[in-house]
Each structure stands twice: as C-alpha cells, then as structure tokens.
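Any read-out appearing in this document is the output of simple, stated calculations on the displayed coordinates, not a laboratory observation. Note that the coordinates shown come from a computational prediction; the quantities given were computed from them, not determined experimentally. Reconstructed Cβ throughout: ideal geometry from the backbone, glycine too, with neighbour counts over all protein chains shown.
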Amino acid sequence: MLGGLGWLVVVIVAVFQARATIAAPGVGLDLRPVRDAGLAVRSGHSIYDVPMFVYMPYTALVGVLLSLVSWHGAVVGYAYLEYAILASAVFLMRGALGRSRWTLLAAALIAAALLEGDLVVRDARLENISVLMVLPCVGIVLCWGTGRWRWGAVILAATLLIKPMLIALLVVPLLARRWTATALTVAVTAVLCVLALPLVPSVGAALKIADRVLKGSNLTGAMSVYNLSLWGWGHTHHTPTVVVVGGRLLVVVVAVACLAVVWRREQPMTVATVGPLAGLLLGATFLAGSLSENHYLLVLLPVAFTCLIATSVASRLLVVGAVVLAAYSHHYTTILGTSASAIQTRFVVIELLLFVASALALLGTHDAPGDGDSSITRALDASTTP
C-alpha cells in the first residue's frame, strides 16, 4: 500500500518536473540538432550538414519521428519521456534494495529524490539523446545477469546504432567467454551500419565527426566546465597536465586490474557481477576519456545500484554517497556551491564514487563458479519477475 502511494508521488513529481523543464529557458538545446537531422532526411539533404549533429546516422531516424510534430510538441513529448524513463530505471533496479515490504517504498523515495536533484533537472533541460540509453543499459545488465546473452547482445547492438556510448560493455560477454553474444553484437552493428550508408554523404564526413567527438566535441576550452571527464575537470581547474594524465592512467589501470580478477576467477555472471562490471567499464570510459556530460551519469547511476547488494560494505556506502549527491538540489541549500565549476566537481565526484564502488563490488564478490542462483542474483531477479 505504502509502496503504491510512494510511486504515485513519483508520478506527480515527474509531471511537475517535466512541466518545469518545458518552461525553462533554452530547453531542448541538444534535441534540436536531432530533429533538424530528421528534417534533413525528409528533405533529401545531408544529415551532417546540420549544425551540431554529431551522432550516428540512425539517430536521424529518431529525428524523423520528432519532425512529425511541431518543435514545441517535440520538446513537450521528450520532457515527459525523460522523466518516465528515469523513474522506470529506478523501478526496474529496485531489487538492489533487497526483498522486504519496504523495498517498493524505498525505491519510490530514491526515484522522487533523484528527479528533484540538480543532476536530473540540469540534464532534462538539454533533452539529450543519451537518456534513451538508460533503459537499454538496464536491460542489458538484467539480460546478461540472468543468462539471456543473445537478447542483451541485440539490445547493445541497437544502442550502438543510435549512440555508441555503451560500446565498452562489449567486454562483458568476452569476460564471460560468451563468444556468440560478442559476435552477434558486432555482426548486427556492422550490417546495419552498412545499410545506413545512404544517409552518410561520405565516409570522410563521418570520420570527421567521430574525430571531433573523440577530441571532446564542443566541450573544450571555455566550455570544458561542462565536460565531466578528468581531462575536462583538469582543464577547468588548471590542474597540472601530469596530474590529469596520471589520474586518467590510474583509472585505466584499476579497471584493467579488476577485469583481470574477474577473468581469473571465472565467477558466475549474475546481475551482482554484470552490474558492477557495467559500472566499472562505463565509469572508466567516462572518466579517462575526453568527453563526459551530465546525461552520461544518468546512464551510469541505475546500473551502479547493483553495488548496493555487493559483499563490500565500502562499495554500498559509496553508492549511497553518490545517490545523495545526485539528489542534491541547490534549492535545498547552496553549501556545495552553485557555480559551473563547483557543479562540475560535484558531478565528477559522483562518477568517481560509482567507479570505485563498482571496482570494490567486483573485488569483493567471491561466488563459487556455477553458483548462478545466489541470493544476490535472486534479489534483482525478483524485480523482473511478474
């Protein structure tokens, strides 16, 4: 009863927040290039002639759907979709909170708090396409963690065609020695990319876009304050290059070391392992890479919830800390600062907390090989069982 009322509150919060997003100045900044690319497809023009369109060709098909309605209609619809996706992600991962009469209520409280937090509010106004990756990422973790490797592979392939931000997850089936799932992801992605060539004016144009993204897109120079990678943070805060490079290298070394441990143990790929693996791989990519933004955290946060059922107490505490920071709003207090650089630091700290939590969760997992029905896995499986 209380759980149901809690989720009713979540729906109310989501509606009010969506309405506030729609009324915010500059709303839809990241959505406009996608919609304009859809208009380009419909008019027979090159999608890469559209200013600020730096996505995969198939993303333009999402833009085609958006172009079927007015700009205001697209902004309104996407705002409500964003909040629905984020609330649904928390609901699907509620099993990480355990199996008790309070689980549903606790998940609702977390969802409501996150929807009110600066992280979600600031990103929702951008209306970036990354939000569409949140539920697929959760689906991949739940599929692979429950033995549905081919389904997870197909979902991953679909996301790579829209925005390849989850490409690091290809490592998971490799660690699990699931060669078929790996090959299926690569094959489906490759075939569909070839079929998308008519949407690309030239290979050179596509490579130019890819090079631009790999170098930080437009979040360089003065705009690096909105870049949540260690490189972007270091540039904003004038950190010595040797420190930034050392930090990025350390993240990579920690990630590789954790992957080596998982490979050597041959531990069962339950949700309790796949979730932290996803958190580790995505966290390392976002931190050590040249580009990370607010909406990247929205993809990382739900899968990192799996660390709440890890054997490592430190891992659980770090996730709790990350959730608290993500739910923080400057409307409550300005103690954490309201400047762009202070907000950047806060969000980078969230990334670091989730990355370290994922690493500790993996190092603290000692399930015996073949123990695919551990209590940890059952806790999350319960959330996907009707």
(message) Can you give me the C-alpha center-to-center distance between region 220-263 and region 157-189, rounded to a whole angstrom?
(response) 24
(message) Quick check: the distance between the Cα centres of region 89-115 and region 324-350, to the nearest angstrom?
(response) 23
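Fully extended, how many nm does the chain gain between residue 336 and residue 69 (0.36 nm per residue separation, minus their Cα-Cα distance)?
Numbers: separation 267, 0.36 × 267 = 96.12 nm, distance 4.01 nm.
Length gained between residue 336 and residue 69: 92.1 nm.
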(request) Under 14 Å from a label point 7 Å along Cα→Cβ of residue 16: give me every residue in region 116-144 with its amide N that close. (result) 116-117
(request) Between residue 349 and residue 99, take the C-beta separation as r, use R0 = 35 Å, and let me know the FRET efficiency to the nearest 0.05. (result) 0.70
(request) Let me have the relative contact order for region 107-206, percent, based on Cα pairs under 8 Å that are six or more residues apart. (result) 20
(request) Round to the nearest 0.05 the FRET efficiency obtained for residue 84 and residue 314 when R0 = 45 Å and r is the Cβ-Cβ distance. (result) 0.85
(request) Please check which bits of region 258-285 a label hung off residue 252 would reach, taking the label as a point 7 Å along Cα-to-C-beta and the cut-off as backbone N under 12 Å. (result) 285
(message) Can you give the local net charge around residue 354? Use residues other than it whose beta-carbon is closer than 14 angstrom to its beta-carbon, Lys and Arg +1, Asp and Glu -1.
(response) +1
(request) Consider the candidate values (1) 20.9; (2) 18.9; (3) 47.4; state which one is mean projected area of the Cα convex hull in nm² computed from the structure displayed. (result) (2)
(message) Suppose each label sits 7 Å from its Cα in the direction of the beta carbon; what would the residue 179-residue 243 distance come out to in nanometres?
(response) 4.7
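Classify region 270-345: rounded, prolate or oblate, from the alpha-carbon gyration tensor (a ≥ b ≥ c, eigenvalue square roots; a/c under 1.5 rounded; otherwise prolate if a/b is larger than b/c)?
Oblate shape, in that a/c is at least 1.5 and b/c is the bigger or equal ratio.
In the chain, which whole DSSP H runs stretch at least 30 Å along their own axis (Cα) and average -1.0 or higher on the Kyte-Doolittle scale?
In the chain, the long hydrophobic H runs are 2-23, 71-92, 241-265, 340-363.
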(request) For residue 208 paired with residue 148, estimate the spin-label separation in nm (one decimal), with each label point 7 Å from Cα along the Cα-to-Cβ line. (result) 4.2
